[in-house]
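First up is the structure itself, then whatever we jot down about it.
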Amino acid sequence: MAMNLVFAGVVAALLFAGCTSSPPKQTVAVDFMYYKDCGYCTQMEPVLANVANQFGPQVKIRVLDAQQRGMNNTVTNLYEQYKAEGKFGGFPTLVADGKSALVGLRSEAEVKTWLCAQFVEKPQAC
């Protein structure tokens with residue numbers, strides 16, 4: 001399975017073992033808002049990677065570096081949108097499909113539980 005990460009408009013693929021060719025029934029897009037110098041954000045990266053690995057192609061992660069605000073329209077617009085909607089409460093912030101937000105450093109179990117709640121039909125990882 002592959003987890004696609006989008007760094008402010010640049011796509012990079014992290015490949016994990018167990019690649020499948022069948023398309024997922026439902027995909028959840030997660031925006032990972034972080035700040036490069038944030039210790040909690042750095043700690044959250046491997047947690048998010050591990051959870052995304054468990055879900056495979058059913059979870060797509062877009063990494064948004066808050067330091068790119070004002071230089072990258074995607075980052076700027078989403079940051080402002082999430083802030084106005086009350087979804088952004090600090091770093092790190094995860095937003096699933098532009099709807100549900102999870103703010104702050106979280107354990108792998110917390111992130112997985114939150115992600116499972118985003119699916120209509122629960123994937124095998126749940």
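Can you sort Lys83, Lys60 so the residue with the fewest Cβ neighbours within 10 Å comes first? Don't jump to the answer; show the numbers that get you there.
Numbers: Lys83 13, Lys60 18.
Lowest to highest Cβ neighbour count: Lys83, Lys60.
Which order do Met71, Met33, Met44 fall in if you start with the one that has the fewest other Cβ atoms within 10 Å? Walk me through the intermediate numbers first.
On the way: Met71 10, Met33 25, Met44 22.
Lowest to highest Cβ neighbour count: Met71, Met44, Met33.
Of Ser100, Ser107, the sequence from fewest to most neighbouring Cβ atoms within 10 angstrom is Ser107, Ser100.
Read-outs throughout are calculated quantities, based only on the coordinates presented, and are distinct from any laboratory measurement. Predicted model, so just to flag it, every value in this text is computed and none were measured. Backbone-built Cβ (ideal geometry, glycine too); neighbour counts: all protein chains shown.
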